[in-house]
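The values are calculated or read from the model by the stated rules, or taken from the named source; none is laboratory data. Quick caveat, the model's predicted, so the values are computed rather than measured. Here the Cβ is made from the backbone with ideal geometry for all residues, glycine too, and neighbour counts use every protein chain on show. Protein only, heavy atoms only, side chains kept; ligands, DNA and RNA dropped before computing areas. Shrake-Rupley method; radii C 1.70, N 1.55, O 1.52, S 1.80 Å.
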Amino acid sequence: MLSNSILYEQGQHGLLLTSLTVLPGGGLMAAAVNGGLFHIEPDGRWFRADRSLPPHTVVHRLETDQDIVYACTDKGLFVLADDGWLPTKIAVACYRLRSKGGVLYAACGNGMWYLFKDSWLHTNYTDSPVFDIFHTPQMIFMAQTKGITVFDRYTQSTEEYPMQTAVSSLCVLHGSLVGASANGDLMVGNKKGNFELVRYGKIKIFSLAAFGGRVYACTDRGLYRLLFWRGKYHLCSVKTGFPVTDAVFDRGNLHLATYFEGVRTVAVQSAF
């Protein structure tokens, strides 16, 4: 478990962490909106890790796929090499990577891309910004500025589901598509061909994360588990008291990216 006292001693308690990823060789990498990138060793030591990134780059998300570490940024998609970050063919804003069936997909400012034989190719599903992607055998769901866009692989057709807000992240819980809206609400598929927004008082949802069949909500109040009970979605507290912006799973633990609190770690058994 990472020690908060070590983080404080190294002056990391003032960082606004926005994303985490587990590194292939152990440890974590963290992105801070006000501090760049950091490599966090298993013993809690922090090192700068933004070598070769363009100046003033904003990292939207860190991802690891097949032992390759990626940075989704406002200046494109970068891949981590021994001598620093290298640019890829994607030179527009990149928000998220998703892997499905051995294929890596990128949600970007001009639509969706996919990696084919070491080359990134742009799809023709949409040219509008895509913030997240969720795949089923037949459908591709894309979170966008004005709601959800669905591409049907069988009919090769696209259908839009407009909403009053942008959608920033997507997951599935009990067979229904769920997501986080830009306004901090929960977006849920009602299984009637449409989507609804659910508000939880003053709690603002930043993003959703799925691990082992469970869905967690990262919010301005902390980490919650999303449960469906008696026909309604409920937020059940896991770790509260500070904003949590991202969560990653590693060897029985959930590592949390936070505002001002460094990286917090929660044992999965204590997270329901």
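Quick notes on this one:
- Only the Cβ atoms of Lys and Arg (+1) and of Asp and Glu (-1) were treated as charged; on that basis the dipole of the chain about its Cα centre amounts to roughly 860 debye.
- 1.4 Å probe accessible area per residue over the chain, in Å²: 48 Å²
- Applying the criteria of a DSSP loop state and at most 16 other Cβ atoms within 10 Å to the chymotrypsin sites (Phe, Trp or Tyr not before Pro) of the range 149-212 yields 154.
- Rg/Rh, computed from the Cα trace of the chain with Rh as the Kirkwood radius, has the value 0.95.
- Integer Hz, Karplus 6.51/-1.76/1.60 couplings in order for the range 86-101, x for Gly and Pro: 10, x, 9, 5, 7, 10, 9, 3, 10, 10, 6, 10, 9, 10, 8, x
- Taking trypsin sites (Lys or Arg not before Pro) across the range 13-57, the ones in a DSSP loop with at most 16 further Cβ atoms lying within 10 angstrom of their Cβ are 45, 51.
- Gap separating the Cα centres of the range 26-66 and the range 226-267, nearest whole Å: 20 Å
- Computed P(r) (all Cα pairs; the range 121-272; 5 Å bins; percent): 2, 9, 19, 21, 19, 14, 9, 5, 2, 0
- Karplus-based coupling profile of the range 55-60, in residue order and whole Hz: x, 6, 6, 9, 8, 6, with θ = phi - 60° in 6.51 cos²θ - 1.76 cosθ + 1.60 and x standing for Gly or Pro.
- Placed amide H near residue 92: partners under 5 Å, 5+ positions off or other chain: 77
- The loop-placed trypsin sites (Lys or Arg not before Pro) in the range 181-272, going by DSSP, that have at most 13 neighbouring Cβ atoms within 10 Å of their Cβ come out as 191, 192, 199, 202, 230, 251.
- The shape of the range 1-130 can be summarised by an equivalent ellipsoid whose semi-axes, obtained from the alpha carbon gyration tensor, come to 28, 15, 12 Å from longest to shortest.
- Estimated 222 nm signal from helices in the chain, with DSSP H stretches of n ≥ 4 weighted -39500 (n - 2.57), rounded to 500: -500 deg cm²/dmol
- Flagged links, alpha-carbon separation over 31 Å, of 100/192; 146/202; 75/146; 117/239; 75/232; 146/192: 117/239; 75/232
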